[in-house]
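**Q** Next up is a structure, given as structure tokens.
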Amino acid sequence: MKMLVNSLPTTALPASKLFRPKVQALTAPDKLQTLIENRSVHTMSHCEFNLFETHRQSERVSLTFGSLTFTAMLRGKKVMHLFNGRNNFEYVPGESVIVPENEEMVIDFPEATPENPTQCIALVIDRQKVQETLDMLNEHHAKVEAHDEWAINTERFHLQNTHAMTGAIDRLVYISQEQHKAKDILANFALQELLIRLMQTQARSVILDNYGRYLTTHRFAAVVEYIKDHLTEALTIERLSAVAYMSQSHFFRSFKQEFGISPMEYIIQERLALAKQYLAAPTATVTDACFRSGFNSVNYFCTLFKKHEGVSPKAYRQTIIKGHY
């Protein structure tokens, strides 16, 4: 099955809480034009919003867009085959995939049924809008390293959504379905936000998750190494900015601009990840996990854990223990 769409002028999330865009209402059965990748379209000045639904198990469905396309899974599961089959992976809610222009996607729907359909959005983005956003960022909000520029990294095409990126997706989807004169204006702002959130998420994947490769070329990689080496100690902006050879204000602002989270938010995420490892130990307690991962208040730790993971440390531990037996 071959489908051509006209162009416009990687791993489970370690946290318990996945950031999933809001599911959309399913098309009524008598309104479906096809059971495989039924398409609803909303066109705006600089992007085209597509909502695809598949209600039947299928294989080797081909889909191609003529412009850079941002996709996000809402329901069900696909198996994606990209770049002539060099990258094959399961695609589930909580994840997004970037597809370069004119790149063929070959898709399997191993579990799709009328009772369990897949649902995915695809935002086909005008090349000019992408370039305008990159030019604005590089001119007025340059990255911390002179050799580094804002860009969409098509090698980092399979992403786990962040909270900020999910919020941007939801706003753009909502605007795309509105009907009023300011729709295109609002859509342009929302699209620009999504592009920025996307690049911040990619930067986190490159530097924060692979800092060892960039210790000699990116000062924030050295900061990440320092945080990991001293995670259970007191970490201050004063000390971290010194590692980066920057003033405190410039360091804080630049870190958040490049990665979409503040240095302290990153430290909290790392400490919670460490706490989850301790909670998985058979003899550990919530108090043990709290203090051994660098927190100094059990109540504060429990509040943060539930906010980020969606469950309390105690409930998380009970789930882990049940999974072991």
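Yes/no per residue for (1) touching a Phe, Trp or Tyr at 6+ places or on another chain (Cβ under 9 Å); (2) small (Gly, Ala, Ser); (3) within 15 Å of Asn161 (Cβ to Cβ):
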site	(1), (2), (3)
Leu74	no, no, yes
Gly85	no, yes, no
Val92	no, no, yes
Ile98	yes, no, yes
Glu103	yes, no, no
Ile107	yes, no, no
Asn116	no, no, no
Ile121	yes, no, yes
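**Q** Sticking with this one: Scanning for something assigned by TED's automatic domain parsing to the domain that holds Glu155 and under 23 Å from the mean Cα position of the chain (by Cα), does segment 27-35 turn up at least one residue?
**A** For segment 27-35, residues assigned by TED's automatic domain parsing to the domain that holds Glu155 and under 23 Å from the mean Cα position of the chain (by Cα): absent.
**Q** Output the residues belonging to segment 109-137 that are buried (at least 16 other Cβ atoms within 10 Å of the Cβ), assigned to a helix (DSSP H, G or I) and not hydrophobic (A, V, I, L, M, F, W, C).
**A** The first filter runs over segment 109-137 and keeps only residues buried (at least 16 other Cβ atoms within 10 Å of the Cβ), leaving 109, 112, 117-126, 129-130, 133-134, 137.
Remaining after also requiring assigned to a helix (DSSP H, G or I): 129-130, 133-134, 137.
Correct list: Lys129, Thr133.
**Q** Let me ask something additional. Hey, does segment 36-44 have a residue that's β-branched (Val, Ile, Thr), modelled with pLDDT of 95 or more, assigned by TED's automatic domain parsing to the domain that holds Val97 and assigned to a loop (DSSP other than H, G, I, E, B)?
**A** Yes, because at least one residue in segment 36-44 is β-branched (Val, Ile, Thr), modelled with pLDDT of 95 or more, assigned by TED's automatic domain parsing to the domain that holds Val97 and assigned to a loop (DSSP other than H, G, I, E, B).
**Q** Under the condition of being part of a helix (DSSP H, G or I), aliphatic (A, V, I, L, M) and more than 21 Å from Asn161 (Cα to Cα), which residue from segment 188-223 is nearest to the chain's Cα centre (by Cα)?
**A** Among them, the one singled out is Ala221.
**Q** If the Cβ limit is 9 Å and pairs must be 6+ apart or interchain, which residue in segment 122-136 that is farther than 14 Å from Leu172 by Cβ pairs with which residue that is modelled with pLDDT of 95 or more and in a helix (DSSP H, G or I)?
**A** Sorted first by the residue in segment 122-136, then by its partner, the pairs are Val130/Leu195; Glu132/Gln192; Leu134/Leu195; Leu134/Met199; Met136/Gln192.
**Q** Could you give every pair whose Cβ atoms fall below 7 Å, whose first residue belongs to segment 83-102 and is assigned by TED's automatic domain parsing to the domain that holds Leu194, and whose second residue is among the polar types (S, T, N, Q) and assigned to a strand (DSSP E or B), counting only separations of at least 6 or pairs across chains?
**A** Filtered contacts from segment 83-102: Gly94/Gln160; Glu95/Gln160; Ser96/Thr71; Val97/Thr71; Val99/Thr69; Val99/Thr71; Asn102/Thr64.
**Q** Does Ser254 satisfy the condition of being in contact with a helix residue (DSSP H, G or I) (Cβ under 6 Å, 6 or more places away or on another chain), under 22 Å from His141 (Cα atoms), surrounded by 15 or more Cβ atoms within 10 Å (Cβ to Cβ) and not assigned by TED's automatic domain parsing to the domain that holds Gln200?
**A** Numbers: in contact with a helix residue (DSSP H, G or I) (Cβ under 6 Å, 6 or more places away or on another chain): no; under 22 Å from His141 (Cα atoms): yes; surrounded by 15 or more Cβ atoms within 10 Å (Cβ to Cβ): yes; not assigned by TED's automatic domain parsing to the domain that holds Gln200: yes.
So Ser254 does not fit the description; no.
**Q** While we're looking at this one, here's another question. Please determine, by comparing only the residues of segment 145-157 that are modelled with pLDDT of 95 or more and surrounded by 17 or more Cβ atoms within 10 Å (Cβ to Cβ), which one is nearest to Ala244 (Cα to Cα).
**A** Within segment 145-157, the match that is nearest to Ala244 (Cα to Cα) is Trp150.
**Q** Identify the residue in segment 229-251 that is closer than 22 Å to Ser205 by Cβ and touching a Leu at 6+ places or on another chain (Cβ under 9 Å) and, among all such residues, is surrounded by the fewest Cβ atoms within 10 Å (Cβ to Cβ).
**A** Leu231
**Q** Looking only at segment 202-228, which residues are farther than 19 Å from Asp148 by Cα, surrounded by fewer than 19 Cβ atoms within 10 Å (Cβ to Cβ) and not acidic (Asp, Glu)?
**A** Tyr226, Lys228
The values are calculated or read from the model by the stated rules, or taken from the named source; none is laboratory data. The structure displayed is predicted, hence computed values, not measured ones. Glycine gets a Cβ as well: all are built from the backbone with ideal geometry, and neighbour counts include every protein chain shown.
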